[in-house]
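Right, one structure below, let's go through it.
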Amino acid sequence: MKDMTSRPPIKVVDGMPILGPFAENWENVKTFQARAGDLVICTYPKSGTTWMSEIVDLIFSGGDAQKTQRDAIYLRVPFLEFAAPGMPSGTEALNRMESPRVIKSHLPVELFPETFWEKNCKVIYVARNAKDVVVSYYHFYRMAVVHPEPGTWEEYLDAFMQGKVAFGPWSSHVKGWWEVRRQRDVLYLFYEDMLEDPKREIQKVAEFIGKELSEEVLEKIHQRTSFQAMKDNPMANYTTIPSSVMDHSISPFMRKGRCGDWKNHFTVAQNERFDEYYGREMSDTDLSFRFQD
Ligand code: PPS
């Protein structure tokens, strides 16, 4: 990973734009073998993946923060599609990992490996409103050199609306997973609901994975996964990655953790254009999002 300073271009695999180095390992993702009991946390990027990963690991650890301090979050919950020069890929890390495994993925449902369904694996999907996602993603592109240069905010916003950012269009991702949630073992949650009532959403996750939480453990998990606690926790905040790869002085990974920060970025004209795009993309679904607290 220390060699990764070049901002490689996006490539397209099976119709999906993906980070250049990730494309090199795509065959291993397609042929990945799930195991019974694997739990997948799936999201469109910047929608609460790390937050949900920390919650799930704490549930499995019975709220014991010492156990979840054993490693950085990206090692405790490996990222299936991850690949970078000089680093074990996500598929390599997962193949070596003992069960039960918790796995991070950003794949749209149509590219999600069939093996997970064959093994009856559960999926927790977290969705976040598109305006806060695009702002968070723009700052992530700026700070993490595995991405191409984002260009100006205006240019990035256009690329997002055209589905030309890594992992493709936001709209088909959130709609695709929404459509399959009833046929598959998918718990579909919203970032905005997690902000509104974190304990309620943690309880839903615990029930879904068949764990009972005492009030005391629930409270511990709640405290430990607050935005500030995770921002201060090197095992959750990605600061253990070399600054040549993720430069938190450009924009911290744990940036704002709020709903509605998009209002500090969108101009009135950009907001009107985005609302038009959004209306077009979301006219064929009953899925809806909250854009402010
Ligand atoms: S990634 O790179 O796709 O895995 O990023 P992801 O973890 O999905 O999303 C990062 C955004 O989630 C925010 N975050 C949180 N918000 C509230 N509470 C907690 N505990 C929390 N942990 C992470 C993080 O700050 C990013 O959002 P922005 O809007 O950029 O702050």
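Observations on the model:
- Selected from Asn129, Asn264, Asn120 as most flexible by GNM, with the chain as the system and alpha-carbon contacts under 10 Å: Asn264
- At the listed q of 0.09, 0.12 Å⁻¹, the Debye profile of the chain, built from one uniform point per Cα, gives log10 I(q)/I(0) equal to -0.41, -0.76.
- Local net charge near Gly63, Cβ-Cβ under 14 Å (Lys/Arg +1, Asp/Glu -1): -2
- Part-to-part distance (alpha-carbon centres) for region 146-192 and region 249-293, which is given in Å: 12
- Counted residue by residue at 0.36 nm each, then reduced by the alpha carbon distance between them, the extension gain from Trp117 to Ser99 reaches 4.8 nm.
- Between Glu272 and Glu110, the distance separating the two model label sites (each 7 Å from Cα on the Cα→Cβ line) works out to 3.3 nm.
- For the chain, the per residue solvent-accessible surface stands at 44 Å², with DNA, RNA and ligands left out and a 1.4 Å probe.
- Rounded to whole Å, sorted largest first: equivalent-ellipsoid semi-axes of region 131-266, Cα gyration tensor: 29, 22, 13
- Portion, in percent, of the accessible area of the chain that falls on carbon or sulfur, probe 1.4 Å: 50
- Taking all protein chains together and rolling a 1.4 Å probe, Glu154 ends up with roughly 80 Å² accessible.
- Here each label is just a point 7 Å from Cα along the line to Cβ, and for Arg182 and Ile250 those points are 4.4 nm apart.
- Spacing of the two label points (7 Å from each Cα toward its C-beta) at Glu154 and Gln223, in nm: 4.9
- Residue separation of Arg7 and His265 scaled by 0.36 nm, minus their Cα-Cα distance, works out to 90.5 nm of gained length.
- Most mobile listed residue (Val123, Val12, Val77) in the chain, GNM with C-alpha springs under 10 Å: Val12
- The chain, helix-only ellipticity at 222 nm - DSSP H runs n ≥ 4, -39,500 (n - 2.57), divided by all residues, nearest 500: -11000 deg cm²/dmol
- Each Cα pair under 8 Å and six or more residues apart adds its separation to the average, and for the chain the resulting relative contact order is 26 percent.
The values are calculated or read from the model by the stated rules, or taken from the named source; none is laboratory data. All values reported here derive from a predicted model rather than from experimental measurement. Ideal geometry is used to build each Cβ from the backbone, glycine not excepted, and the neighbour counts take in all protein chains shown. Areas reflect the complete protein model, heavy atoms only, side chains present, ligands, DNA and RNA absent. Shrake-Rupley method; radii C 1.70, N 1.55, O 1.52, S 1.80 Å.
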